[in-house]
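A short reminder: the numbers here are calculations on the coordinates, not readings from a lab. Remember, predicted model here, so these are calculated numbers, not experimental data. Here Cβ is always computed from backbone atoms with ideal geometry, including for glycine, and neighbour counts include all displayed protein chains.
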Amino acid sequence: MESPFAPLSESCAKALGDKVYEKRKVASQEIEKMVTEFNSKNNSAQIRKLIDVLSNDFATSRDPNRRKGGLIGLAATSLGLGKDSDKYVNELVTPIVNCLSDPDVRVRYFACESLYNVVKVARSAIIPFFPELFAALSRLVADSDQIVKDGSELLDRLLKDIVTESSRDFDLEAFIPLLRERVYAKNSFGRQYVISWISILNAVPEINMVKYITDILDGLFMMLDDNTLEIQRMCETTLNQFLKSIRTDSSTVKMEQTINILINHAQSQNELIKSIAITWISEFVQIFGPNVLPYASGIFTAILPCLEYNVESKKNIKDCAVSVNDLMIQLISSKEHKSQNIQKIDLGSVMDVLVQYLVHNSVHTKVAVLKWIHHLFTHFPNEMSIHANSLGNSLLKILADNSDEVVLQSLSVLAEIVNSTSSNDPTDFNKTHYREFLLSLLKLFSEEKQFLDHRASLIIRQLCILLNSEYIYRTFAEIISEEKTNLKFASTMVRLLNMILLTSTELFELRNSLRDITTEKSANLFVCLYKSWAHCPVSTLSLCLLTQSYQHVSDLVVLFADVEITLELLNELDKLVQLIESPIYAPLRLTLVSKSNNCVDAQYLTHALFGILMLLPQTDAFNLLKNRLQCVPNYWSQTPLNVKDSLQYKSKIDFEMLLNHFKKVQKSQREQRLTQRKRSAIA
């Protein structure tokens, strides 16, 4: 009667299911001989019948010993078949793979050993089953039992050799979905396993892994956060290999998807991840050039915060971020494809990001943002015009920043915005946007005293460099002269503007222009300034001395008898005396000894200075001015005066009208001071 396990004999079948390993081994040797004989006679029917018995009666048995026997029997079958095992590879591999997830540790180990023998004999014939083998091994490398892990690692090395030597037959398309899933493994052993396979495949010349970089790049970056240094090192090396391949040939890279992944990881809190991601972004900007411009907003989001790093450990990140920033500026600045480049950029999203970082803590970040905004307005004024109004308020707020560099850069942007929206006629000063801008600035000065005290002078001087200084002063004067409610602030602003006018190098040309009011342009400017300068008596004197309106100064000094002489006013007179001794007023001092204009201006000036001297208490300033006046020749009074010889007369300015205006403004100032004192007393 035939054995129920035919073609196995009953004794062989019994030994194959025995709990003693040696008996199972003897049975496997018998099976190997049997298969060798069947194969020599081309008896495939018996071979398949044998494999069927080993698979169904042993490998899937409930008895773990029989399962072990079935596994060793299948391995023996493969060895007996030799190179012909490829004809039966499906029947051999399937039951063994199922046993790789067996609950019994020893069964799992024997499955690894059995599969190793099958793969060793079948070689490239095993390639179609690679996805199943890869999935099973990715679990076994993290097995709780060390002997199983060792067996799986041995099998893994063999598989890598086979895939490498049979790369032309390897179905990468079928494998990538599995790799994409496994690349997010959390277990360190699983991660190490996946990285090793990615590295091996990327090293095979016939396999183009770069084509599938978007499927695995995100997972690789996440692995850099692993606590195991070895995994970090492997992952970093693999990423460097990919980047090297992309530098060599970027034609298969899905740039759009890849750069979004890089932007995401460049914002990581992990320094290693951030550093590598920004390095990749830098390379992509160089490799793909203008094609990265649609992702400019994301790139800015990634690099701008990195500009603040000032510790040694983050130096590489900062340097790389600076490099990316410079490369992006070069791309935008390219004259060759200027129109195409601006079309590629989503200016709306870019400006949203830039405005967001305007309030960043870092000075370097804010300066970089302001330089970008300035750059965009410089190169693309028409496209940026729609952002001008919304930017204005944000930029004005930054003027209160503690950093001078931020303030100066912000002013450059504001000036560029104003210039980009003005006409080409430099003499046309009646611009609404100029006035609105300066009006907003004055509003800030009036609301923030600390801002006025610490930033106003710097801001005004810088604006005079960036914009038309004459128009800056003209517009300020017009706005101040219209002030009716806060006259104290008007007086404060005039005092500040006057000091800047008289002392700053930035206003050298404007001072020179005002010294000659015989020209219509200078006369008009003088009248405009005078109407607001009238809020501050000493500033009015200073302006008239600068413009050589000495007869008017002489008339004004007399009016000081009706002006409230406060400590503040005396301090201003003191400063005026100091200024008279400065290089700025050298022409004034020379007038005292000049015979031009029949000495008319010299006599009026002498009278005016004596009047100022009489207003001063006997302080150092009094002595300084007295000593100066003692140097004046005493023969002026001997020369008859002819008003028509004075520069003031030649200017054709209605000084009588100005004198009345001065009286009117000072009256308003006095009335408002009295009102405020009454309110304070009541309060």
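The figures follow:
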| quantity | calculated |
| --- | --- |
| Relative contact order computed over segment 331-393 (Cα-Cα under 8 Å; 6+ residues apart), in percent | 25 percent |
| Largest to smallest principal axis extent of the C-alpha atoms in segment 13-66, angstrom | 33, 21, 11 |
| Length gained when the stretch residue 160-residue 618 is fully extended (0.36 nm per residue, less Cα-Cα span) | 154.8 nm |
| Separation in nanometres of the label points that stand 7 Å from Cα toward Cβ, at residue 26 and residue 610 | 14.3 nm |
| Alpha-carbon radius of gyration plus Dmax, which is the widest Cα pair, for the chain in Å | 45.0, 159 |
| Normalised contact order of the chain, rounded percent, pairs of Cα under 8 Å and 6 or more residues apart | 5 percent |
| Distance in nm between pseudo-label sites at residue 453 and residue 6 (7 Å out along the Cβ direction from Cα) | 11.2 nm |
| Theoretical FRET efficiency, 1/(1+(r/R0)^6), r = Cβ-Cβ of residue 595 and residue 385, R0 41 Å, to 0.05 | 0.10 |
| Where N is the number of residues in segment 473-562, Cα Rg divided by 2.2 N^0.38 Å | 1.04 |
| Lys/Arg +1, Asp/Glu -1 at C-beta; the chain dipole; positive extreme among 224, 9, 411 | 411 |
| Helix-only mean residue ellipticity at 222 nm for the chain, each DSSP H run of n ≥ 4 adding -39500 (n - 2.57), per residue, nearest 500 | -22500 deg cm²/dmol |
| Computed FRET value (nearest 0.05) for residue 484 with residue 393, which takes r as the C-beta separation and R₀ as 22 Å | 0.30 |
| Full-stretch length increase - residue 132, residue 36 - with 0.36 nm per residue and alpha-carbon distance subtracted | 31.7 nm |
| Neighbourhood net charge (13 Å Cβ-Cβ; Lys/Arg +1, Asp/Glu -1) for residue 585 | +4 |
| Additional length obtainable on full extension of the chain from residue 244 to residue 569, 0.36 nm per residue less Cα span | 109.6 nm |
| Farthest positive-ward along the chain dipole, Cα basis, beta-carbon charges - from 567, 298, 323 | 567 |
| Assigned charges on the beta-carbon of Lys, Arg, Asp, Glu; segment 553-637 dipole about Cα centre (debye) | 480 debye |
| Calculated FRET value between residue 670 and residue 508, using beta carbons and R₀ = 35 Å, to 0.05 | 0.50 |
| Most to least packed among 127-133, 244-250 [average Cβ atoms within 10 Å] | 127-133, 244-250 |
| Length-normalised contact order for segment 95-227 - Cα pairs under 8 Å, 6+ apart - percent | 23 percent |
| Student exercise, the chain dipole from Lys, Arg, Asp, Glu Cβ charges, in Debye to nearest 20 | 1420 debye |
| Around residue 354: net Lys/Arg minus Asp/Glu count, Cβ-Cβ under 11 Å | +1 |
| Rg to Rh quotient for segment 30-108, alpha carbon positions, Kirkwood Rh | 0.98 |
| Total formal charge among the other residues, if their Cβ is under 12 angstrom from that of residue 622, Lys/Arg +1 and Asp/Glu -1 | 0 |
